[in-house]
Structure formats: structure tokens, C-alpha cells
Amino acid sequence: MRVLQACAEIFPLLKTGGLADVAGALPPALRALGADVRVLLPGFLPILDGLQNAEEVAKLSPPAALAPGGARLLRGHLPACDVDAYVIDAPACYHRSGGPYADAQHQPYADNHLRFALLGWTAAALAEGLDAAWTPQVVHAHDWHAALAPAYLRAAAEASGRKPAGSIYTVHNLAYQGLFDARHFAELGLPAHYFDMHGVEFHGQVNFMKAGLYYADRITTVSPSYAREIQQPEQGCGLDGLLRSRAQDLSGILNGVDDAVWNPATDRLLAGRYDATGLEAKAGCKAALQRELGLQVAAASPIFCVVSRLTEQKGLHLVLQALPELIARGAQFALLGSGDTGLEAAFRAAAEASPDAVAVRLGYDEAFAHRLIAGSDVIMVPSRYEPCGLTQLYGLKYGTLPLVRRVGGLADTVADTRLETLDTDATGFVFDDFAATGLLQAADRALALYRRVGEWRQVQQRAMAQPCGWDVAAARYLALYRQVGG
Ligand code: ADP
Ligand code: GLC
């Protein structure tokens with residue numbers, strides 16, 4: 001089965017969030033099951049720099065607006081990601097001084113609709129035979145950036161009477177839809193009748209996400225709970241009606257954890273390595289973390305940590321509200337994050353107020369994320385909504401018990417610790433109400449368990465034994481590819 005994964009970022013070359021982790025881990029997992037997988041990426045500089053043995057496949061001739069300075073398709077290998085790749089070399093589109101989607105002031109680039117339409121268009125062109133040596137049977141597009149691929153594929157099928165490839169569209173976050181002014185529709189080169197409520201039109205605008213949801217053969221999202229939640233108005237972001245109408249084609253497939261990157265038994269970024277049967281080195285990781293952060297070096301104080309984008313989605317104002325109580329009860333707190341300036345300032349102020357017990361590192365730091373998760377006792381993910389969430393999975397694997405809100409993928413991956421679950425399935429702490437009181441009650445249960453050393457260890461070992469490899473997800477994607485890819 002030849003599968004093309006189309007996405008905008010890939011770990012470790014370019015990452016703004018969990019999408020990159022998925023894009024980096026899924027291809028090798030699929031390959032282990034016998035699939036022939038390649039990825040298609042925009043030619044951002046870190047991706048071009050990572051491409052080895054690059055050869056030009058073709059000059060691209062998309063609708064004129066999509067590549068104003070010209071574009072060509074390169075084929076090569078990304079050793080850092082262990083995958084063969086196609087990269088769209090279009091410097092005018094992708095060489096920018098800020099991030100992949102927005103400039104240094106966090107303003108989205110004005111031509112994002114063109115930059116990412118080019119990604120979807122090129123995916124479809126590959127399915128139509130752009131590279132005579134390799135034609136995908138399935139195009140798997142991720143998030144709004146690649147979401148026009150199914151629309152271009154449908155248009156190609158309508159024009160030729162022959163379906164070039166099956167299509168799968170995966171929603172990683174329904175809130176980021178790729179909405180653009182209607183006047184841009186004409187630039188995309190799609191059939192005029194696609195600008196319709198049964199198509200890419202959404203309240204008078206162009207909606208890339210909707211194109212994926214409408215035209216793909218199958219839709220997936222990254223947890224079963226989120227697959228249900230997005231069919232309801234509260235979390236449907238205006239697309240719940242369309243999602244309900246496609247319920248037969250929609251499924252939730254939980255993300256996994258890339259064991260080559262996140263495994264405390266082999267992680268070279270840690271002060272010491274450990275596993276479920278030998279947890280001694282985790283205490284060393286904790287002491288090293290406390291020293292690194294200037295926290296009081298105290299084994300008896302549980303460290304609650306957060307590793308997160310600082311956005312509304314993540315519910316971190318609940319942590320800010322609960323923080324004084326948490327500290328008063330003897331806990332320490334450490335955060336790694338970046339994003340919203342108000343949240344950054346509030347966390348910085350909290351650290352300045354209690355330097356012995358609260359540490360905050362603002363910015364993006366992959367290596368520190370490993371040290372923080374390994375050295376902490378609890379990882380908090382109190383999200384308003386969470387399609388899957390990866391950091392709670394890292395927490396499980398590193399014996400750092402997750403404290404999460406019961407929503408989306410968090411609900412699907414963490415089992416609450418109560419008297420009746422302690423000996424059976426408890427792996428963390430779960431709360432329902434999106435309020436600081438809910439979070440604090442769960443934190444109280446974490447603090448109580450932490451004092452019961454043997455029981456803490458028991459839950460920790462169960463958490464570490466949870467299956468969260470990519471093999472299960474990869475098998476489910478492969479089953480879908482077989483349904484649509486002929
Ligand atoms: P989302 O994709 O919504 O941000 P996920 O939990 O799926 O949430 O994935 C977040 C990924 O980004 C994880 O790999 C996490 O470790 C990483 N991450 C988030 N913030 C930072 C940061 N400030 N520094 C390093 N890694 C981070
Ligand atoms: C999104 C979601 C997150 C998910 C990630 C990878 O960024 O916010 O919950 O884990 O995609 O699928």
C-alpha cells in the first residue's frame with residue numbers, strides 16, 4: 001500500500017505542537033506493518049536543510065496564484081525522520097523569517113491560503129502521476145494546512161472520470177480551520193461550484209478544514225472521545241452538523257508515543273535512566289531538576305509540572321488560580337511553555353513570588369521538556385478541550401502521573417485514582433468541572449497518594465506499563481487505507 005502523508009510540520013525538523021510528533025512517528029510505524037509511506041512537506045528551510053539526496057522530480061504548474069515565484073518538487077530522504085520525502089521548493093512561499101504559519105509578531109502570513117493550497121494541490125498532483133516512479137494509492141492529509149488535498153483529488157476525479165487515489169483527512173484540532181476571505185476562492189483553481197455550503201464555503205468564507213471534512217473518503221481524529229465531542233455544538237466549532245452527517249466515515253484513532261524519542265529507559269537527555277522495575281534514577285532526575293531550577297531540593301515535595309503551548313485551549317488559568325493552594329500544601333510547581341503573553345507574565349510573576357517552590361521557563365526547549373517530565377511527580381493537563389494530548393502520555397511512560405480534565409483524548413488515556421480503582425486500573429488523577437476547585441480536588445488526591453509511598457509506586461508502575469506505542473494506531477490507519485485505496 002503506497003501512502004502519501006501530507007502535512008506542514010514533522011519532528012524533529014520543524015515542530016510547533018503535537019502534529020509534528022505524529023507526522024514524525026506515524027510513517028515508521030506504518031512501514032513496520034509493510035506500508036510504503038512517503039511524506040509531502042512544504043519547503044521550509046529546516047526541512048530543506050534536512051533533505052538528503054535531493055533530486056528534482058518536476059517543475060510544478062499549479063494555478064498561477066499558488067506559486068507566484070515558481071515551484072518545483074524535490075524527492076529525497078529525511079534521515080532525521082527516517083522517511084522518504086517530497087518537498088515543495090518554493091522560496092517565495094516558504095522562506096520567511098518567522099514561524100511556519102505566522103511572523104515573529106504572531107501575525108498569520110497574508111498569503112497562507114496560497115502557501116497551503118499549494119501543499120494540497122501538490123498532494124493531488126502526485127496522486128495523478130507527477131512522479132512516474134511512485135504514485136500513492138492513498139493521500140493522508142493532516143489538519144487544515146493539507147486539507148485541500150481531498151478537494152483537489154475530487155476535482156481531478158470529476159474531470160477525468162477516474163479517481164486518482166483514496167483520501168483520509170485527520171483532524172488534529174478543529175479550532176484551527178484555515179478561514180479566508182471569499183475573494184480568495186478564485187485563486188485556488190477549484191471548480192466554481194465547490195464554493196458552496198456543500199463544499200468549502202463556510203458562512204461566506206473559504207474554510208480549508210471544511211474541504212477536508214467534506215471531500216475526504218474517510219475522516220479521522222486523534223481520540224474516540226474527541227470524535228464524539230466534535231459532533232456536538234459545544235465542541236463542533238460550527239462544523240458539528242457536517243461531522244454528524246459524516247458520522248459513518250468518522251473515527252477516532254488515539255495517538256501513540258514514539259518510543260525512540262520518549263522512553264525513560266533509553267533517554268540520553270536525562271540525568272539517569274530508569275524503568276518500571278528500577279525507579280531509583282527517577283529520584284536522581286528529580287533532585288537534578290530541583291537544582292537546575294533553583295527549587296528547594298526536597299524529595300518529600302511532589303513536583304507538579306506543565307509542558308504546554310500557553311493558549312486558551314490548555315486551561316492553564318486554572319493552574320494559576322490553584323497554585324497558591326498547591327504550594328501551601330507543600331507541592332512544588334514547574335512550567336515550560338510559550339505563547340499567550342498574559343499567561344507568560346502571570347506565570348513569571350508566580351515564580352518571582354515563590355522562587356523556592358515555583359519555577360517557570362518560557363520558550364521552547366525540547367531537551368528541557370524531557371528533563372522536566374522525568375524529574376516531576378505529576379504532569380497537569382487541565383485542558384478546556386484536547387483532541388488527544390501527548391504530554392499526558394509522556395507522563396504515563398515516565399512514571400509522572402497525569403492530572404487531567406476528563407475531556408477528549410485525556411479522558412481516553414488516563415484512569416482516575418479512587419479507592420475502588422487503586423488496585424485495578426488507576427493511572428492518574430481526573431477531574432470534570434472546568435474550574436480551579438475541580439483541579440485542586442484532584443491535586444489533593446495526588447498529594448494524599450504521594451504520601452502513601454507503596455501505593456504511589458503501584459500506580460506509577462501501572463502507568464508506565466500502559467501500552468502507548470504507535471503500532472495500534474498504525475494498524476488502524478492501515479485498515480482505513482485498505483478500505484479507500486483499492
Ligand atoms: P498540542 O499539539 O495541542 O500543543 P500535544 O500535547 O499534542 O498538544 O503536543 C505538544 C507537544 O509539544 C509535545 O511533544 C510537548 O512536549 C511539546 N511542547 C509543548 N510546549 C513545549 C515547549 N515549550 N518546549 C518544548 N516542547 C513543548
Ligand atoms: C493537536 C491537539 C493535540 C494532539 C495533537 C496531535 O495539536 O491539540 O491534542 O495531541 O494535535 O494529534
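The values are calculated or read from the model by the stated rules, or taken from the named source; none is laboratory data. This structure is a prediction, so every number in the text was calculated from the model and none was measured. Using ideal geometry, Cβ is built from the backbone for each residue, glycine included, and neighbour counts are taken over all protein chains shown. These area figures cover heavy atoms from the full protein model, side chains too; ligands, DNA and RNA do not enter into them. Shrake-Rupley method; radii C 1.70, N 1.55, O 1.52, S 1.80 Å.
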Self-check item: Degrees separating the helix 18-32 axis from the principal Cα axis of the chain, which is the longest one
Solution: 70 degrees
Practice problem: Would you tell me the accessible area of Asp356, worked out with a 1.4 angstrom probe on the heavy atoms of the protein chains, in Å² to the nearest 10? | Solution: 100 Å²
Self-check item: Dipole moment magnitude, nearest 20 debye, segment 280-464 about Cα centre, only Lys, Arg, Asp, Glu C-beta charged
Solution: 320 debye
Quiz item: If you roll a 1.4 Å probe over the heavy atoms of the protein chains, what accessible area per residue do you get for the chain, in Å²?
Solution: 38 Å²
Quiz prompt | Value at 222 nm in deg cm²/dmol, rounded to 500, when DSSP H runs of n ≥ 4 in the chain each add -39,500 (n - 2.57) | solution = -11000 deg cm²/dmol
Self-check item: HN-Hα J in Hz across segment 147-161 - Karplus 6.51, -1.76, 1.60, θ = phi - 60°, x for Gly and Pro
Solution: 6, 7, 3, x, 5, 5, 5, 4, 4, 5, 5, 5, 6, 9, x
Self-check item: Per-q log10 I(q)/I(0), the chain, q = 0.09, 0.11, 0.12 Å⁻¹ (Debye; single scatterer per alpha-carbon; no solvent)
Solution: -0.61, -0.90, -1.05
Quiz item: Which distance in Å, rounded to a whole number, links the C-alpha centroids of segment 129-175 and segment 1-26?
Solution: 16 Å
Quiz item: Amide H to amide H, which residues 5 or more places from Thr221 or on other chains are under 5 Å from it, using H placed in the peptide plane?
Solution: Val171, Ser251, Gly252, Ile253
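List, in the order given, every pair from Lys15/Lys163; Lys15/Lys59; Lys15/Lys286; Lys59/Lys163; Lys282/Lys314 whose Cα-Cα distance in the structure shown is over 25 Å.
Numbers: Lys15/Lys163 33 Å; Lys15/Lys59 27 Å; Lys15/Lys286 27 Å; Lys59/Lys163 23 Å; Lys282/Lys314 27 Å.
Beyond 25 Å between Cα atoms: Lys15/Lys163; Lys15/Lys59; Lys15/Lys286; Lys282/Lys314.
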Quiz item: Relative to the first principal axis of the alpha-carbon coordinates of the chain, what is the inclination of helix 316-328, with its axis defined by its Cα atoms, in degrees from 0 to 90 and to the nearest 10?
Solution: 10 degrees
Practice problem: Determine the share of segment 299-409's accessible area contributed by carbon and sulfur atoms, expressed in whole percent, with a 1.4 angstrom probe. | Solution: 54 percent
Quiz item: Taking the Cα atoms of segment 408-452 alone, what are Rg (to one decimal) and Dmax (as a whole number) in Å?
Solution: 10.6, 30
Self-check item: Heavy-atom SASA rank of Lys286, Lys59 (probe 1.4 Å, accessible area, largest first)
Solution: Lys59, Lys286
Exercise. Evaluate the Kirkwood expression for the hydrodynamic radius of segment 258-385, namely the inverse of the mean inverse distance over all pairs of different C-alpha atoms, and round to one decimal in Å.
Key: 14.9 Å
Exercise. Select from Ala475, Gly17, Leu119 the residue farthest towards the positive end of the dipole of the chain; place +1 on Cβ of Lys and Arg, -1 on Cβ of Asp and Glu, and compute about the Cα centre.
Key: Ala475
Quiz item: Excluding ligands and nucleic acids, what accessible area in Å² is computed for Thr417 using a 1.4 Å probe, to the nearest 10?
Solution: 10 Å²
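Working out 0.36 nm times the residue gap between Arg72 and Ser160, then minus their Cα-Cα distance, what length gain in nm do you get to one decimal?
Details: separation 88, 0.36 × 88 = 31.68 nm, distance 2.41 nm.
Taking Arg72 through Ser160 to full extension adds about 29.3 nm, to one decimal.
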Quiz item: Which ³J(HN,Hα) values in Hz, rounded to whole numbers, follow from the phi angles of segment 278-287 under the Karplus curve 6.51 cos²θ - 1.76 cosθ + 1.60, where θ = phi - 60° and Gly and Pro get x?
Solution: x, 8, 4, 5, 5, 5, x, 4, 5, 4
Quiz item: Assigning unit charges at the beta carbon (Lys, Arg +1; Asp, Glu -1) and nothing else, what dipole magnitude in debye, to the nearest 20, does the chain show about its Cα centre?
Solution: 400 debye
Quiz item: In debye to the nearest 20, how big a dipole does segment 243-336 give about its Cα centre with +1 on each Lys and Arg Cβ and -1 on each Asp and Glu Cβ?
Solution: 180 debye
Quiz item: On a 0 to 90 degree scale, rounded to 10, what angle separates helix 112-127 from the longest Cα axis of the chain?
Solution: 70 degrees
Self-check item: Kirkwood Rh in Å, taken over all unlike Cα pairs in segment 70-181
Solution: 15.2 Å
Quiz item: Just how far, in whole angstrom, is segment 80-95 from segment 409-486 if you go by their alpha carbon centroids?
Solution: 36 Å
Quiz item: Which listed residue (Ala276, Leu213, His198) has the Cα farthest towards the positive end of the charge dipole for the chain, taking +1 on Lys and Arg C-beta and -1 on Asp and Glu C-beta about the Cα centre?
Solution: Ala276
Exercise. Quick one: P(r) of segment 280-464 from all Cα-Cα pairs, 5 Å bins, percents rounded to integers, in order of increasing distance.
Key: 1, 9, 19, 23, 23, 16, 7, 2, 0
Quiz item: What residues qualify as long-range amide H neighbours of Ala415, i.e. H under 5 Å apart, gap of 5 or more or another chain, H built at 1.01 Å from N?
Solution: Thr427, Gly428
Practice problem: Could you pull the accessible area for Trp121 with a 1.4 Å probe, rounded to 10 Å²? | Solution: 50 Å²
Quiz item: Taking H as built 1.01 Å from N, whose amide H comes closer than 5 Å to the amide H of His140, not counting residues under 5 places away?
Solution: Leu4, Gln5, Ala6, Ile168
Quiz item: Residue-wise, which Karplus ³J(HN,Hα) couplings in Hz belong to segment 449-462, taking 6.51 cos²θ - 1.76 cosθ + 1.60, θ = phi - 60°, and x for glycine or proline?
Solution: 5, 4, 6, 9, 3, x, 6, 4, 4, 4, 5, 4, 5, 5
Practice problem: Could you work out, for segment 1-91, what percent of all Cα-Cα pairs fall into each 5 Å distance bin, beginning at 0 Å and stopping at the bin that holds the largest distance? | Solution: 3, 15, 25, 24, 18, 11, 4, 1
Quiz item: Under 20 Å from a point 7 Å along the Cα-to-Cβ line of Glu234: which residues of segment 167-187 have their amide N that close?
Solution: 173-176
Quiz item: Which percentage, to the nearest 5, of the DSSP beta bridges contained in the chain is antiparallel?
Solution: 30 percent
Self-check item: Cβ-defined net charge surrounding Gly199, 15 Å radius [Lys, Arg +1; Asp, Glu -1]
Solution: 0
